[in-house]
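Read through the structure below, which is laid out as structure tokens, and then see the notes.
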Amino acid sequence: MLSVIMGEKETENVNEALILIDIQNDYFPGGAHPLKGMAKAAKKAAALADEFRQAAKPVIHVRHVSLRPGASFFRPDTAGAEIHPTVSPKDGEAVFVKHYPNSFRETGLHEYLSSLGVGKLHVAGAMTNMCVDTSTRAAFDLGYAVVVHAACCAAPGILGTDIMHRLFIKNLGSTFAEIA
């Protein structure tokens, strides 16, 4: 069980899980909404997932399917909405489908993590400025200790740079998560 001491989260002996958020085909080159550095981030996320698997810690996949009228990516029943092969779920790994930026909203993710006794979440995925940000803040509000793996995340490029990614990582690190 997660305990709080003087406002700081004690994380020793807390069950940990990795959440891979929206590492889906539409975010890769050739997809409907490619992100700067997505292929590189996915490779690093795959290596992190392998570390969790070897340590017998849960790896959880979250997949966005947009039900919003006029959505330009992650449309239902399209190849773009599928999890990218770089991080394909292994047998027995949970996959949650979401319809909102928050991975916890109407998905059962929090209940699932609670059933496993998870108190510390490691987060990787996309977009840093939307679903990673929103899900990290929600996890923090739900009482989880959160670690965002910056090199395993991607965001849209602005003027050919990763400034959006860096700004959101910096902001998350100010209060909501440890940044690895």
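The values are calculated or read from the model by the stated rules, or taken from the named source; none is laboratory data. Computed from a prediction, not measured in an experiment: that's the story for all the values here. Methodologically, a virtual Cβ is constructed for each residue, glycine included, from the backbone with ideal geometry; neighbour enumeration extends over all protein chains shown.
Of note:
- Filter result (in contact with a Cys (Cβ under 9 Å, 6 or more places away or on another chain) and free of Cβ contacts under 8 Å to residues at least 40 places away in the same chain) within region 101-135: 101, 102
- Residue 97 vs. criteria touching a Lys or Arg at 6+ places or on another chain (Cβ under 6 Å) and closer than 22 Å to residue 67 by Cα: yes
- Restricted to region 135-180, and to residues there that are out of contact with any Phe, Trp or Tyr (no Cβ under 9 Å at 6 or more places or on another chain) and basic (Lys, Arg), the residue that is farthest from residue 16 (Cα to Cα) is 166.
- Test for residue 74: is it in contact with a His (Cβ under 7 Å, 6 or more places away or on another chain) and either modelled with pLDDT of 95 or more or charged (D, E, K, R) (or both): yes
- Within region 78-180, strands (runs of 3 or more DSSP E) holding 3 or more residues that are at pLDDT 95 or above, surrounded by 22 or more Cβ atoms within 10 Å (Cβ to Cβ) and among the aliphatic types (A, V, I, L, M): 118-126, 145-154
- Applying the criterion of being under 18 Å from residue 162 (Cβ atoms) and without any contact (Cβ under 8 Å) to a residue 24 or more places away in the chain to the residues of region 19-39, the residue that is surrounded by the fewest Cβ atoms within 10 Å (Cβ to Cβ) is 29.
- Residue count for region 46-67 satisfying the condition of being in contact (Cβ under 8 Å) with a residue 24 or more places away in the chain and among the charged types (D, E, K, R): 3.
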